[in-house]
1. Would you mind finding the one in Ala80, Ala65 that is among the hydrophobic types (A, V, I, L, M, F, W, C) and either on the phi > 0 side of the Ramachandran plot or without any contact (Cβ under 8 Å) to a residue 24 or more places away in the chain (or both)?
2. So if I check each of Ala92, Ala80, which one is among the aliphatic types (A, V, I, L, M) and farther than 26 Å from Glu21 by Cα?
3. Just to be sure I understand the filter: pairs with C-beta atoms under 7 Å, separated by 6 or more residues or on different chains, first member in the range 33-53 and free of Cβ contacts under 8 Å to residues at least 60 places away in the same chain, second member surrounded by fewer than 17 Cβ atoms within 10 Å (Cβ to Cβ) and of a type in the set (Gly, Ala, Ser). Which pairs pass?
4. Under 6 Å between Cβ atoms, at least 6 apart or on separate chains: pull out the pairs that start in the range 103-116 with a residue that is without any contact (Cβ under 8 Å) to a residue 60 or more places away in the chain and end on any residue that is crowded, with 16+ Cβ neighbours inside 10 Å and β-branched (Val, Ile, Thr).
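The values are calculated or read from the model by the stated rules, or taken from the named source; none is laboratory data. Quick caveat, the model's predicted, so the values are computed rather than measured. Cβ atoms come from the backbone with ideal geometry, glycine included; neighbour counts cover every protein chain shown.
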Amino acid sequence: MSAATALRGERVYDVPPASPEFPYVTLGEAQVLDWSTATEAGEEHRLTLHVWSRQGGHGEAHAMAHLVQQALHDAPLTLAGARLVNLRFTQADIRREAGGRTYHGLVRFRAVIETA
């Protein structure tokens, strides 16, 4: 399965199965901060998605990180009960995990929303 196919939702997990088929994406850490002004209620969300590959080298993990970035950076998402002000890619890190077989990418985003 290609990186693009993995990102179409077939292998995007909140909690991956015990023995997931590679490549795949998992939802990661999230941090929510107050972003309110004197007149508007708002939140800043810092989000991390994890990409996982065993293709043999960094290439697939880099490709997956890039596809995640393309899919979400400035995406016009609709939120229930809130308005997305912006969704921005902030950083990606790719590393080889212990054992040398698995490549792990962390793709970070910052979202600002106005709450009702």
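1. On the way: Ala65 fails: either on the phi > 0 side of the Ramachandran plot or without any contact (Cβ under 8 Å) to a residue 24 or more places away in the chain (or both).
Going through Ala80, Ala65 in turn, the sole match is Ala80.
2. On the way: Ala92 fails: farther than 26 Å from Glu21 by Cα.
Of Ala92, Ala80, the one residue that is among the aliphatic types (A, V, I, L, M) and farther than 26 Å from Glu21 by Cα is Ala80.
3. Final answer for the pair search is Ser36/Gly42; His50/Gly28.
4. From the range 103-116, the pairs are Gly105/Val51; Gly105/Ile94; Val107/Val68.
Okay, residues lined up against (1) within 16 Å of Arg54 (Cβ to Cβ); (2) at pLDDT below 95; (3) of a type in the set (A, V, I, L, M, F, W, C):
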site: Met1; (1), (2), (3): yes, yes, yes
site: Arg11; (1), (2), (3): yes, yes, no
site: Gln31; (1), (2), (3): no, no, no
site: Asp34; (1), (2), (3): no, no, no
site: Thr37; (1), (2), (3): no, yes, no
